[in-house]
Every structure is written in structure tokens, then in C-alpha cells.
Amino acid sequence: MTFKGIFIDDNPTEAAYADLLSSPGSLHVSSEKLQEVATLATVIFGQKPDLVALDFRLDELLGTLVSRQGYKGSGLAQLLRDKSSADPASDFPIILLSAEDKIKGYQKDNTAHDLFDRYYIKSEVNSEPSRVQREVVALCRGYKTLKDNWGQLNAGSLLGITNDDAEMVLSQEITSSVYSASAPHVVARFVLRNLIDRSGLLMSISDIAALLGLASAAEVAKLEEHFPRNTRYNGLFSDGWPRWWRHYLEAWVEDLFSSRPLRLTGAERVERFNQQLNVQLVPAKSRWNQSSQERFAVACACCGQPTELRHSVLQFDPYVPRFAQPGRICWYCIHTDAYLHPLRSGKPLIIDQTDMSLAEMVKGMECGSGDEDEC
């Protein structure tokens, strides 16, 4: 089927982004002219779209509207969410599509964050249209799954969990969030934020590279055929954001190494892979000291590269669920202040106060200096 989307921007010249979001045979996005907010919300909802994309600042080029009728994308999104809460069968994903300076305004508006499933910078859509198209189509499919099963949702089948794994994976936080949700967008928000976007039960390819001590996603791809069956996540939104089950991967590595991977350096892990699986892999290098003789543990929350515990600090995140893994920021990103402009989220990362003094010390050090005893 071909999903139907609507794009709203106060600047008529930006209507071309409707075409950039569209995928032939999967999603057709059309633009809708700006109107008074309550009227436009009624028009949009009446068209029963599968996706709505909004500019953040809809109050700059008002056209026939007067200044007091101006509003932001978040104001329109709130009305649409209110309508879908009253009619869950007509719910749809809402994404933000705006210029970089406007996205910064959105990032500061905490009240707007619960309204959008995803946000994209317009330059990002221009440079990576295939990825963005894949992700927005995945949102449409995910919402369709939720609506088709609304009233009889099963958390296990929704996440593609087998009966054997249900007891291990399905925590009370997950099941209560799914079964108590008032509308599909509430379930979608929980899954995207706490399972897709956070390392924990699921792992991104960057998380896997860190676990295995590998230099890049390309190196991980060389190993995937050896992963155990059912390792690949095939639940809600999996076609837009590839993820893998952590418990399968960790058990596989421990069985292969007869040891926990964190006890081995990146170079040692790669040597064992190469010998036992007849592959030729390249180990990760610490961004701090360019050494592969480090015990890589996690992907940096800022740059996404494998980092070691001893050369990273804890990220402050008051919303991390119990089943997720707290984020860490590598020393290199601290030293260069990259954590203030992270590649992965765009929003400045916050250092946990327990590591604040360590972070200040790292900023004054030279890259590559410092050892385990100093830390």
C-alpha cells in the first residue's frame, strides 16, 4: 500500500520537501496551505493521513492570517494529538521538519518534545533522503500495526519477542507502558525513546562495534552471518532503525571467548574472532590514545565510537528506564567540547555531577595523557 502524508510550512517555496519525503510506491506526501490553527487541525484530521510533517515556526510568513493568529508547529501538533487521543483508530506519526536554527528553538522547548515522533533538519533531508524516507515509512508502518491491533495489543508480539524470551525481556516498565497507553502515539513514543534510541535491551550497530571491539559498522557487517538466530530485532519500527537483541549477542560472545568480552582488549577480541571464525577484522582504536589495547565497553553518546569505561564519563539522563544502559561520553568528546554539539542528537549532552570534576580535569589534559591510576 501507499501511505498518505501531509507537509505544512508557512513558506510556499518549501513545498518541495513534500517530494523529498515521498517514496514511490510507499509514501506520497502533499503540501497543505497554512490556515488558522483549529481549522487546519480539523482539515488535516479529516483527511486521515498516515503521516504529518510540520515546520516548527509556522508564524513567520502568515499570508492571509493576522499576527495574533500565528502559531508554532507544536501548537498544531498538540491539537492533532488531542484529536487522536479521542479517536485512536485515526492516529498518525507527526514529525518536525525545519531549518537548523528553528530546530534549536524546538530543542529548548521541552513542552514540545512529547508531540513529535522524530525531528529532521532540512539539510539532513537534502543530504540523506533515502535514510529519511526509510525512517518515515517505518513510522507509518509502525502506526498501522498499532492501529490494526489497538484494543488487543500484545507487548511480546509487538516487539517480536518469542515466548522463550518473554520472561527475560518483558519488564513491568514495558508491559505497563504498552497496556495503559491511551493512543498509538503514546506506545510509539515509548518504544522509540526507550528501546530504539537507548542502548539496553536492544543494541545499535555502534553499540555492537563497542561490545565486539570493532573499528566500524562495516566490520560488524562481516560478522553478522555468525550471529545466533533471532538476534536481529524485527519488532515495531525495526525496518527504519536496525537493532539487535543484547542478550543473544552477549551470550554468543561469551560462549565464543569463554570469557566476558570486557575482560579482553579490542585487539584481543579481534584476534579471537579472526582465529575462530576465519575472518579478517580491524579492531577499534581509542579516540583518546589511538590504542587498540583498551577494553572497549560502550558507544560514546556523542560521537558513537567505541569507548572504554576508564576514558569516559557518565551522561546525566533523569529519564533512563531501569532496563536501559546509562549513556557515557568519551574523553575525546569532553576534551574537544564536542559533547555540546553531539552528532547523534544535536542537543547538548549533560555530564553527570558525579563525574563533573573528572570532566573538568580532562578538558585541561592533552589527548592521550592520563592512565588508569590517575582516573
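Please list, ordered by first then second residue, the pairs with beta carbon atoms under 7 Å, 6 or more apart or interchain, first in the range 67-87 and over 16 Å from residue 119 (Cα atoms), second modelled with pLDDT under 90 and of a type in the set (Asp, Glu). These pairs meet every condition: 69/36; 70/59; 71/59. Note on the range 195-217: residues that are part of a helix (DSSP H, G or I), more than 17 Å from residue 267 (Cα to Cα) and either in contact with a Cys (Cβ under 7 Å, 6 or more places away or on another chain) or of a type in the set (A, V, I, L, M, F, W, C) (or both) total 3. Scanning the range 274-323 for residues that are without any contact (Cβ under 8 Å) to a residue 24 or more places away in the chain and open to solvent by less than 20 Å² (accessible area, probe 1.4 Å), we see that the one that is farthest from residue 227 (Cα to Cα) is 312. In the set (1) in a helix (DSSP H, G or I); (2) in contact with a strand residue (DSSP E or B) (Cβ under 9 Å, 6 or more places away or on another chain), residue 120 fails one condition alone, (1).
Among the listed residues 157, 182, identify the single one that is outside any helix (DSSP H, G or I), more than 18 Å from residue 322 (Cα to Cα) and either among the β-branched types (Val, Ile, Thr) or open to solvent by 20 Å² or more (accessible area, probe 1.4 Å) (or both).
Residue meeting the stated conditions: 182.
Set side by side, the residues 138, 166 differ, and just one is under 25 Å from residue 25 (Cβ atoms), of a type in the set (Gly, Ala, Ser), in contact with a Gly (Cβ under 7 Å, 6 or more places away or on another chain) and open to solvent by less than 60 Å² (accessible area, probe 1.4 Å), which is 138. The residues of the range 292-305 that are assigned to a strand (DSSP E or B) and closer than 18 Å to residue 359 by Cα, listed by number, are 298, 299. Take the conditions open to solvent by less than 10 Å² (accessible area, probe 1.4 Å), in contact (Cβ under 8 Å) with a residue 24 or more places away in the chain and farther than 15 Å from residue 236 by Cα and apply them to residue 196. Does it pass? No: the conditions fail for residue 196. Could you go through the range 345-367 and let me know if any residue there is touching a strand residue (DSSP E or B) at 6+ places or on another chain (Cβ under 9 Å), buried (at least 19 other Cβ atoms within 10 Å of the Cβ), within 20 Å of residue 119 (Cβ to Cβ) and not acidic (Asp, Glu). Yes, that holds for at least one residue. Residues satisfying the criterion are absent from the range 255-271 (criterion: surrounded by 21 or more Cβ atoms within 10 Å (Cβ to Cβ) and closer than 19 Å to residue 162 by Cβ).
On the given criteria, is residue 362 assigned to a helix (DSSP H, G or I) and touching a His at 6+ places or on another chain (Cβ under 6 Å)? So residue 362 passes the test. Within the range 246-263, at least one residue is touching a residue at least 60 places away in the same chain (Cβ under 8 Å) and closer than 17 Å to residue 325 by Cβ. Please determine whether any residue of the range 87-96 is within 19 Å of residue 237 (Cβ to Cβ), at pLDDT 95 or above and part of a helix (DSSP H, G or I). Checked against the condition, which is being within 19 Å of residue 237 (Cβ to Cβ), at pLDDT 95 or above and part of a helix (DSSP H, G or I), the range 87-96 yields at least one hit. For the range 254-276, residues that are within 28 Å of the chain's Cα centre (by Cα), in a helix (DSSP H, G or I) and basic (Lys, Arg) total 1.
Going by the conditions given, is residue 205 open to solvent by 50 Å² or more (accessible area, probe 1.4 Å), among the hydrophobic types (A, V, I, L, M, F, W, C) and within 17 Å of the chain's Cα centre (by Cα)?
Here the answer is yes, as residue 205 does meet what is asked.
Total residues in the range 208-243 satisfying the condition of being open to solvent by less than 10 Å² (accessible area, probe 1.4 Å) and touching a strand residue (DSSP E or B) at 6+ places or on another chain (Cβ under 8 Å): the figure is 9.
So which residues in the range 8-56 are closer than 25 Å to residue 83 by Cα, open to solvent by 40 Å² or more (accessible area, probe 1.4 Å) and part of a helix (DSSP H, G or I)? Within the range 8-56, 38, 39, 42, 43, 46 meet the criteria.
The values are calculated or read from the model by the stated rules, or taken from the named source; none is laboratory data. Nothing here was measured: the structure is a model prediction, and the numbers come from that model. Every residue, glycine among them, receives a Cβ derived from its backbone with ideal geometry; neighbour counts consider all protein chains shown. To get the accessible areas, we keep the full protein, side chains included, count just its heavy atoms, and leave off ligands, DNA and RNA. Shrake-Rupley method; radii C 1.70, N 1.55, O 1.52, S 1.80 Å.
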